[in-house]
1. Let me have the 222 nm mean residue ellipticity of the chain computed from DSSP H runs of 4+ only, each contributing -39500 (n - 2.57), with the sum over all residues rounded to the nearest 500.
2. Would you kindly state how much longer the chain becomes between Glu120 and Ser433 on full extension, computed as 0.36 nm times their sequence separation minus their alpha carbon distance, in nm to one decimal?
3. Using only Cα atoms, tell me the angle between helix 157-170 and the longest principal axis of the chain; keep it within 0 to 90° and round to the nearest 10.
4. Round to a whole angstrom and tell me the spacing of the C-alpha centers of segment 97-138 and segment 193-247.
5. Against the longest alpha carbon principal axis of the chain, how many degrees, from 0 to 90 and to the nearest 10, is the axis of helix 421-430 turned?
6. Summing +1 for each Lys or Arg and -1 for each Asp or Glu, what net charge is found among the other residues whose Cβ lies under 12 Å from the Cβ of Ser193?
7. Which of the residue pairs Lys186/Lys490; Lys23/Lys464; Lys200/Lys270; Lys237/Lys270 have a Cα-Cα distance greater than 32 Å in the structure shown?
8. Lys and Arg at +1, Asp and Glu at -1: add these up for the other residues within a Cβ distance under 12 Å of Lys240 and post the number.
Amino acid sequence: MADIIGRCYGETEPHKVAFISKKTPAVNEYVYLEYNGRTVMGIIDTLLRGSFTLSDDLLDEDAIGKIVDIEGMSDQYIRGEVTILGDINTLEIPRTPAPIGTPIIRATIDQLDQLFHNNEGIKIGTVLSQPEVDVKLDVNKMVSRHLGILAMTGAGKSNATSVIIDELLLLGGTILVFDMHSEYGKTKFNNGSKKSIDAKINPRYLNIHEYKRLARIPDSATNQERYLREAYDYAKKLDKNGKCSSFIDSMIFYANSKANEFGEEGNKNKSHEDAARQVEFKLDDMKRIYHSILDKTDVDDIVNILEVGKVNIISLSSLDEIATDIIVNHVLSEILRRRKNARTTGEEPTLDFPIFNIIEEAHILASQRRDTRSKKTISRIAREGRKFGVGLCLVSQSPKSLDSESLSQLNNLIILRLVEPSDQAHVQKSSESLSEDLLKKLPSLNVGEAVVLGQMTKVPTLVKIDEFKGTTIGNDLDILDIWRTAKREKEERNKQNMTEIDELF
């Protein structure tokens with residue numbers, strides 16, 4: 001039997017109806033209406049409770065109490081609004097509004113399963129208002145159309161990301177995580193294996209633009225750029241002929257030789273001598289500062305060692321922003337280039353499997369306020385990646401700092417609690433599918449609750465994200481425990497010192 005919870009009243013619209021009820025439905029509860037031969041699904045957005053007897057102009061608390069004592073609560077009503085989601089079969093919004101008096105009926109489990117079930121999808125959680133209904137996301141749409149996971153600190157981003165990784169591993173997915181805080185390297189996933197990859201690049205694989213940035217040669221220093229390029233070409237030629245034992249040292253040697261050559265000619269080429277000498281010094285300084293990522297010439301390129309069917313994790317926590325930018329840009333550019341080769345020309349090198357790239361703290365690399373090389377590559381993948389099987393997931397705790405162009409290309413969003421109005425406004429401006437009704441719900445979400453929307457789900461919904469079942473080591477420090485341990489150790493040392501002093505006498 002249909003569970004009628006109210007009826008339409010007032011003026012209705014094709015996409016929204018008002019209803020009146022004597023029952024107590026819940027906000028975010030799913031309902032349906034039947035009219036014009038169709039079953040139309042909707043979700044309750046707002047609810048107000050009122051009383052026919054106790055009007056708004058009755059401001060005497062004692063009078064209100066006496067009326068309630070005499071007449072009870074029987075004349076109270078619920079008034080609310082339902083946002084229409086569409087026909088249950090086609091999800092098309094009806095062109096005509098519901099007739100006045102149309103029953104608002106609580107949705108059945110079978111109807112909700114039809115909305116949120118996907119045979120080949122991954123389970124992200126359950127419907128917030130009906131926890132017996134699983135929410136499954138379309139993997140093809142999620143990966144090819146890209147994903148954003150956005151929230152304030154502590155709202156559950158890492159848990160949501162880990163759940164998605166584990167579910168993708170169950171399906172044999174290949175994932176690459178750019179791990180800004182060495183968080184995922186400590187995580188054990190139940191459904192597959194992980195591979196930890198050192199954040200190192202063989203100097204032979206860097207291009208001239210990456211050397212220019214690492215060596216901090218500005219665009220205005222045209223002579224320095226010229227001799228850097230010559231040094232790079234010199235080292236490349238030696239390497240091609242098998243005569244280069246150290247790529248960077250070969251570049252430094254060339255810059256030094258060029259500076260000495262100009263120095264022998266006297267003051268007429270003083271500016272060129274200075275430029276070549278600057279290149280020598282800057283390359284030497286670069287070698288010293290970034291030895292942790294450039295100290296090997298026998299390491300394979302990162303893209304060559306990615307493993308299919310695993311979560312590949314590059315830890316970036318020990319690097320500064322410039323080195324992080326170089327690593328991320330290099331890897332993403334190579335992935336896109338090789339996937340293009342695999343899908344179009346067949347030229348080597350190729351990457352023969354699709355890959356889902358997850359970038360933590362994405363607002364650092366794809367920043368709204370400053371340019372990085374990674375930002376351009378991320379934006380390019382966001383535009384072109386779907387054609388070549390290069391998926392993108394941007395995870396950020398500061399959405400307002402995230403590049404609006406990249407954000408606008410994310411056709412799927414998981415938005416956990418967002419309180420700051422500037423964060424909310426930036427996300428809404430960049431996302432056509434985030435309605436005003438959904439935006440209003442973001443500040444009131446609890447930890448682990450999220451608005452999920454986009455092409456990966458049939459309709460936007462509020463979801464209770466599953467708790468990650470694997471093993472992880474949190475980043476939050478137990479400050480009290482550390483203090484207690486430090487105090488206890490100090491007291492034990494003092495006691496030991498006093499014992500040793502007593503033994504001397």
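Please treat every number below as a calculation from the coordinates, not as lab data. Quantities reported herein were computed from a predicted structural model and do not represent experimental measurements. Virtual Cβ from ideal backbone geometry, glycine too; neighbours counted across all protein chains shown.
1. Value at 222 nm, helices only, nearest 500: -11500 deg cm²/dmol.
2. Here the segment from Glu120 to Ser433 would lengthen by 110.3 nm.
3. For 157-170 against the chain, the angle is about 80 degrees.
4. 54 Å
5. 80 degrees
6. Its environment carries a net charge of +2.
7. Violating the 32 Å limit, Cα to Cα: Lys200/Lys270.
8. +2
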